[in-house]
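Remarks on the structure that follows.
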Amino acid sequence: MTSSLIHPDRLFPSESRTLALSREIYRTTVSLPIISPHGHTDPAWFAQNESFTNPADLLITPDHYVFRMLYSQGLSLDDLGIPRADGSTDNPPPEAVWQLFADNYHLFRGTPTRVWLDHVFAEVFEIDEPLTSGTADHYYGVIDSALKTPEFRPRALFERFNIEFLATTESPLDTLPHHGALKNDSWPKETNRRIVTTFRPDPVLDPEFEGFAENLTELGRLTNEDTSTFAGYLRALENRRAFFREHGATATDHGHPTARTAWLDRADVEKLYDAARTGAINAPEAELFRAHMLTEMAGMSADDGMVMQIHPGSHRNHNQPLFDRYGRDRGADIPQTTNYVDALKPLLGRYGNNADLTIILFTLDETVYSRELAPLAGHYPALKLGPAWWFHDSPDGMRRFRRQVTETAGFYNTVGFNDDTRAFLSIPARHDLARRIDAGFLAELVVEHTLREDEAYELARLLAYDLAKDAYRI
Amino acid sequence: MTSSLIHPDRLFPSESRTLALSREIYRTTVSLPIISPHGHTDPAWFAQNESFTNPADLLITPDHYVFRMLYSQGLSLDDLGIPRADGSTDNPPPEAVWQLFADNYHLFRGTPTRVWLDHVFAEVFEIDEPLTSGTADHYYGVIDSALKTPEFRPRALFERFNIEFLATTESPLDTLPHHGALKNDSWPKETNRRIVTTFRPDPVLDPEFEGFAENLTELGRLTNEDTSTFAGYLRALENRRAFFREHGATATDHGHPTARTAWLDRADVEKLYDAARTGAINAPEAELFRAHMLTEMAGMSADDGMVMQIHPGSHRNHNQPLFDRYGRDRGADIPQTTNYVDALKPLLGRYGNNADLTIILFTLDETVYSRELAPLAGHYPALKLGPAWWFHDSPDGMRRFRRQVTETAGFYNTVGFNDDTRAFLSIPARHDLARRIDAGFLAELVVEHTLREDEAYELARLLAYDLAKDAYRI
Amino acid sequence: MTSSLIHPDRLFPSESRTLALSREIYRTTVSLPIISPHGHTDPAWFAQNESFTNPADLLITPDHYVFRMLYSQGLSLDDLGIPRADGSTDNPPPEAVWQLFADNYHLFRGTPTRVWLDHVFAEVFEIDEPLTSGTADHYYGVIDSALKTPEFRPRALFERFNIEFLATTESPLDTLPHHGALKNDSWPKETNRRIVTTFRPDPVLDPEFEGFAENLTELGRLTNEDTSTFAGYLRALENRRAFFREHGATATDHGHPTARTAWLDRADVEKLYDAARTGAINAPEAELFRAHMLTEMAGMSADDGMVMQIHPGSHRNHNQPLFDRYGRDRGADIPQTTNYVDALKPLLGRYGNNADLTIILFTLDETVYSRELAPLAGHYPALKLGPAWWFHDSPDGMRRFRRQVTETAGFYNTVGFNDDTRAFLSIPARHDLARRIDAGFLAELVVEHTLREDEAYELARLLAYDLAKDAYRI
């Protein structure tokens, strides 16, 4: 708590009146439970509650924020124990991986990764000295010992982190065994916690997804529907959405390359579906099929009430040689320009005026905050804006989001914070960072006299807790 | 004046030396008369000087900034009394509309609408308590009573607001009866005020404008020119420009979808004109025709001295179902990416080196401030930059404009402030906001020692008053 | 030193704790030698060490930052003595040019040019009063007299400016006589200075460059290679790279219109080369040829160790009438949107994972900082980011660069400061400005408690000195 690694005033504005007010505002949100409606933790952790293995496996190898930076400076992924596409690794000793990481910890200066990790070191492991080559052994020992104790098992940490609601993200072909187990487990109820899944249908909506045809076959098998017809395919999707809702899902999640939407004649989309199913589809047709299916998904959301999340704009696996050797999710997904105005028009023309529907937009292209997203969300009843995402889930990234979005869309067309993380231990660090940035932003509005202090306190709670619960229908 | 709704230091930087200097700089501009060279108020108000009807009709139903935010949060436009495309409304009682607005006033937290409205409530109506559900009745009573008094008629407010010059915006087919009446009225001269029109020829330059063919016929009728030929069309345009100048106009205004310009061979443009006139033009040809005509307009400006304003980049009527039901200007115009570098090259190659010509560029795409507009305006003698516009006419929008434009274009290639508003009562609020932001920006330059204090005072006056008068040739 | 034109605290953040720390950090870098690894000074100055002629020829006519602003406000380039394309000028007396400049010095308020020039006036010429119409004569006299003294000859200034390393930029057809003379001169060694060239092959890589075919002939002549074949052309390029390395070059520099790269089959590129060589190439083919050759250059850099600099995104000579009359480099180069993600993929797929190669990317399109460049540089081992460039080499331009780049790419994927200037006297001013902005940025991170003070001092030195030496392999 009093670790010198993290300062009680960190991330607040420096000007004295604003700093003082930021502290007061933050004090009213620091103890609110965490709502984590969008993320990528492993549900097995909470269903099985087994100890985490070691510091390197917990904090380095699964976190592409960490190893992409090390790789960018010439370190070898093999030396870091990153698994190759065939599942093999050089099996470096975790102590050696940790030492390599510590030797290069200076690379993270100025990045949010540094802020999150120092928070984890200080708050979760109560370490008091900076991570350096010289302290690497000490860090490893402290963390490794802690992980072997019951207090550092997933459920104990979940409670300690004061998480009230956590959503994971699964493929529509996932049978959700861990969420099923959690449904029948007494722990969540007794401790008043919820862990749910999210429906992420990219593997069966995107004809360019690896194994698309096999995925459709599996979709048919799971749902007992004939996915060789478009009608059967739609029914199968409805069926899986219902299955996910039974496992707690309140939302779907869509990570298409672009935000393009379309509404095609039934005959045309059936033709595209046949081509997609049989692998006879070309790239523009695949884009059109995805575009149509996004609108279909909005229609299903209008029917079944699931919140729809859209986050386009990543050029996945940009580094071909790296992809060939190490596979997906190795830090080589690069943002690209994303058009929302033309792209979303077909979907919005059909469903955007439906005030009972919630569509949450994210972007990796910050130029659209003030130009496109805020004007769209400040008009269409169905639209809301997700928080600063991925590379922009950072102090200045969040400040730019608030500054460029709020004046046109207000606060109430946003949905609070998402941590979007695979790194379980970083969840409180990330929510803490967001609450601090929001406290500072609100304090600045009060100090410049465009917001009353009572309003700032009300908004701080909304941004930290209520907006997320409301938007995700929790 | 001492209403607690607005603070004397609002919108100034918080750091103490900068705050103190901002106050001093602002003190030298607060009493300067208002120059409003670009706006959309109704000239009938000033020609006829009739009382405004009621608070809702004055402040809510005509202001799409206000009702778009309410609509985005699920409120019904019918309940707000917004007229449908056929002119009908549900005629909700204005008191009920006002209550609905008051119940949702929290939605505007963090937006410039809130700043403007609080300014109006405090400065124009001298109300002292925040607008809430509970104070809605009180507000309605105070405002409604005031509107019935002579002190709140348009001319009295015009004088009270210290407006020296106001431009409205009219179609080239408008016969300008109200501006005609004002020419023959003694009030403007006696009180040293000017109210003029602006020539906005989109309805006769854009083949995709509603009723384009009929508009050309009417243009011919008004000017006694044969608009079935391109030569007659050009003469008719020159004729209407002269008519507008007789009614005080010093400027034209062009709101094309893009900034594209072109200079075509006469035979080619005549062919396009024939196609446009007879409705046989396709979308790319319509774009090309508009592009050519923008260059023609620059040529006419070079001849007749009218300042040319170009503000492209809005995707008009994005929400088709809403447009079908409620028509234009319902808050569904959405900005889009706008290219200026290639787009303006033909026009600038022809007229950009003419130092006697003034072309004022606006944008809804902030990414062009530093990349395109400032470099262009910092080079071409004919070019100047309009202020932060529309969604960016806001505290942070203006700060970004100054920060991203000044270093490359300087202050002298900008043209002061435009309020661009339909909301008459917000004019002083908007100019006050701009003067405060500029005072703060200049104070920051002085405090960081890159500008002397005497220069800051000189620039403050220019930004608040002289640059607009000079640029618009007032 | 104590000239009132420049304040010791200029450009530091205003908040008192941050200001105090900025001063301390800056104090540790102010005396570090200058590393200037990318610029456009004339090597003849240092080889021949002749006096500069007069104030106008030194500070105004060669600096397009200066005369573009004057031109944008209607001043005549002829009156400023800017040479026309045919080499002629009106030969205005330098005193008159200086007076004109002084009369309009207010136009530079808020620009970095003002900051640089005041620095030059104060620090180099020890002038104490602002430049105005009234002080123009005094300024002219002081500067002109100084230029006639030995202390103001190029080498004396070089030493006074504490420049340790300076790179100029030359065409591959340049025989580098001045660099040759400097190699055999004792002055650099005795004073421990290095002046080197940089290999800028645009004239022989870009089929649309003026005189491309003749350039290839000359390239063949210089290298004794048969440039009528693609194989001979590649050998000739390797030969010139070696020649440049013998003259100290550690880097190449590439200013293509776009960042597009490609890797074509040998037969295809040979066909393109033949078309380019014989003037039978069209625009898309020229783009493709440039794209391929950028990848060839990366391959040669991988072999010979030269650092590769890429700075695309300028629309050169935008103002056609001005170009026709005055030629290149007259302030009419305008930035345009630049895509890096798709454009660089072919090159990066081939060489981006090579940690022994260094490719430094620059941009004139700030929107790519956070969206494209920082994510790319934070992943690919070969990539690093050049500093804020050209129009963005300014206080706020640099702040935006740090804020938008650091969180994703860190500090260690950047390369320190480049002055990129033709204006020799402005070199210390520009490095001083950069060191001040970086001191302020680092101080802000410390004051917001996301960086320790010891780290800030370490980083300040890196940003001011070591990163440039390391990245450019000096």
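Here are some residues: A:Glu95, A:Glu129. Which one is among the acidic types (Asp, Glu), over 16 Å from A:Leu59 (Cα atoms), at pLDDT 95 or above and not assigned by TED's automatic domain parsing to the domain that holds A:Phe424?
A:Glu129
Given the conditions (1) away from chain A (no Cβ under 12 Å); (2) surrounded by fewer than 21 Cβ atoms within 10 Å (Cβ to Cβ); (3) at negative phi; (4) not hydrophobic (A, V, I, L, M, F, W, C), and given that C:Arg452 satisfies all but one, which numbered condition is not satisfied?
Unmet condition: (1).
For the range A:383-416, give me each residue that is under 24 Å from A:Ala298 (Cβ atoms), among the aromatic types (Phe, Trp, Tyr) and more than 14 Å from chain B (Cβ to nearest Cβ).
A:Trp389, A:Trp390
Please tell me if A:Gly248 is among the small types (Gly, Ala, Ser), buried (at least 18 other Cβ atoms within 10 Å of the Cβ) and under 22 Å from A:His40 (Cα atoms).
Here the answer is yes, as A:Gly248 does meet what is asked.
Just a yes or no: is a residue in the range C:274-290 hydrophobic (A, V, I, L, M, F, W, C), more than 31 Å from the chain's Cα centre (by Cα) and more than 20 Å from C:Leu347 (Cα to Cα)?
So far as the range C:274-290 goes, yes, one or more of its residues are hydrophobic (A, V, I, L, M, F, W, C), more than 31 Å from the chain's Cα centre (by Cα) and more than 20 Å from C:Leu347 (Cα to Cα).
How many of the residues in the range C:284-313 are without any contact (Cβ under 8 Å) to a residue 60 or more places away in the chain and small (Gly, Ala, Ser)?
5
Consider the range A:136-153. How many of its residues are in a loop (DSSP other than H, G, I, E, B) and buried (at least 17 other Cβ atoms within 10 Å of the Cβ)?
1
When you look at A:Leu237, is it under 17 Å from A:Gly255 (Cα atoms), buried (at least 19 other Cβ atoms within 10 Å of the Cβ) and not small (Gly, Ala, Ser), yes or no?
Taking the combined requirement at face value, the residue satisfies it.
Given B:Arg452, B:Arg461, B:Arg402, which one is within 29 Å of A:Thr367 (Cβ to Cβ) and basic (Lys, Arg)?
Residue meeting the stated conditions: B:Arg402.
Is it true that B:Ala283 is under 22 Å from B:Val269 (Cα atoms) and within 14 Å of chain A (Cβ to nearest Cβ)?
Yes, satisfied.
So B:Ala291 clears everything in (1) within 30 Å of A:Leu383 (Cα to Cα); (2) in a helix (DSSP H, G or I) except one condition, right? Which one?
(1)
For B:Gly81, indicate whether it is touching a helix residue (DSSP H, G or I) at 6+ places or on another chain (Cβ under 8 Å) and either part of a helix (DSSP H, G or I) or not assigned by TED's automatic domain parsing to the domain that holds B:Val124 (or both).
The answer is no for B:Gly81.
Within the range A:90-100, identify whether any single residue is in contact with a helix residue (DSSP H, G or I) (Cβ under 9 Å, 6 or more places away or on another chain), within 14 Å of chain C (Cβ to nearest Cβ) and within 23 Å of A:Ile427 (Cβ to Cβ), and answer yes or no.
There is no residue in the range A:90-100 that is in contact with a helix residue (DSSP H, G or I) (Cβ under 9 Å, 6 or more places away or on another chain), within 14 Å of chain C (Cβ to nearest Cβ) and within 23 Å of A:Ile427 (Cβ to Cβ).
Test B:Phe441 against the criterion of being crowded, with 22+ Cβ neighbours inside 10 Å, more than 30 Å from C:Asp9 (Cα to Cα) and either more than 27 Å from the chain's Cα centre (by Cα) or of a type outside the set (A, V, I, L, M) (or both), and give yes or no.
No: the conditions fail for B:Phe441.
With respect to the numbered conditions (1) assigned by TED's automatic domain parsing to the domain that holds B:Tyr326; (2) surrounded by 15 or more Cβ atoms within 10 Å (Cβ to Cβ), which one is the sole condition not fulfilled by B:Leu59?
(1)
Among the residues that make up the range B:199-208, is at least one of them over 25 Å from B:Ala298 (Cα atoms), of a type outside the set (D, E, K, R) and in a helix (DSSP H, G or I)?
No; the residues of the range B:199-208 include none that is over 25 Å from B:Ala298 (Cα atoms), of a type outside the set (D, E, K, R) and in a helix (DSSP H, G or I).
In the range C:158-199, which residues are closer than 26 Å to C:Ala464 by Cβ and either in the same structural domain as C:Ala102 (by TED's automatic domain parsing) or among the β-branched types (Val, Ile, Thr) (or both)?
C:Ile163, C:Thr168, C:Thr169, C:Thr191, C:Ile195, C:Val196, C:Thr197, C:Thr198
Answer yes if at least one residue in the range C:427-446 is among the acidic types (Asp, Glu), in contact with a Lys or Arg (Cβ under 7 Å, 6 or more places away or on another chain) and at negative phi, and no otherwise.
no
Do we have any residue at all in the range C:88-98 that's over 23 Å from B:Glu455 (Cα atoms) and hydroxyl-bearing (Ser, Thr, Tyr)?
Yes, that holds for at least one residue.
Quick one: how many residues across the range B:309-350 are farther than 30 Å from B:Tyr65 by Cα and more than 10 Å from every other protein chain (Cβ to nearest Cβ)?
Residues in the range B:309-350 being farther than 30 Å from B:Tyr65 by Cα and more than 10 Å from every other protein chain (Cβ to nearest Cβ): 1 in total.
So which of B:Leu205, B:Leu166, B:Leu147 ends up being more than 19 Å from the chain's Cα centre (by Cα), modelled with pLDDT of 95 or more and under 30 Å from B:Met293 (Cβ atoms)?
B:Leu205
Can you name the helices (runs of 4 or more DSSP H) wholly within the range C:21-77 that have at least 2 residues being at pLDDT 95 or above and more than 14 Å from every other protein chain (Cβ to nearest Cβ)?
Counting at least 2 such residues, we get C:43-48, C:55-59.
Given the structure, is B:Arg84 without any contact (Cβ under 8 Å) to a residue 12 or more places away in the chain, charged (D, E, K, R), in contact with an Asp or Glu (Cβ under 9 Å, 6 or more places away or on another chain) and over 23 Å from B:Phe152 (Cβ atoms)?
No, not satisfied.
Looking at the structure I just gave you, is C:Tyr465 within 29 Å of C:Val196 (Cα to Cα), in the same structural domain as C:Ala249 (by TED's automatic domain parsing) and at pLDDT 95 or above?
Taking the combined requirement at face value, the residue satisfies it.
Could you say which residue among C:Ala332, C:Ala298, C:Ala280 is surrounded by fewer than 19 Cβ atoms within 10 Å (Cβ to Cβ) and among the small types (Gly, Ala, Ser)?
C:Ala280
Checking C:Phe424 against (1) surrounded by fewer than 21 Cβ atoms within 10 Å (Cβ to Cβ); (2) away from chain A (no Cβ under 11 Å); (3) over 21 Å from B:Thr450 (Cβ atoms), which test does it fail?
The single condition C:Phe424 does not satisfy is (1).
Would you mention how many residues in the range B:105-125 are in contact (Cβ under 8 Å) with a residue 24 or more places away in the chain, surrounded by fewer than 21 Cβ atoms within 10 Å (Cβ to Cβ) and facing another protein chain (nearest Cβ under 9 Å)?
The number of residues fulfilling the criteria is 0.
Return the residues of the range B:279-288 that are in contact with a helix residue (DSSP H, G or I) (Cβ under 9 Å, 6 or more places away or on another chain), of a type in the set (A, V, I, L, M) and in a helix (DSSP H, G or I); say none if nothing qualifies.
Matches in the range B:279-288: B:Ala286, B:Leu288.
The values are calculated or read from the model by the stated rules, or taken from the named source; none is laboratory data. Please read all numbers here as calculations on a predicted model, not as lab measurements. No Cβ is skipped: glycine too gets one built from the backbone with ideal geometry, and neighbour counts run over all protein chains shown.
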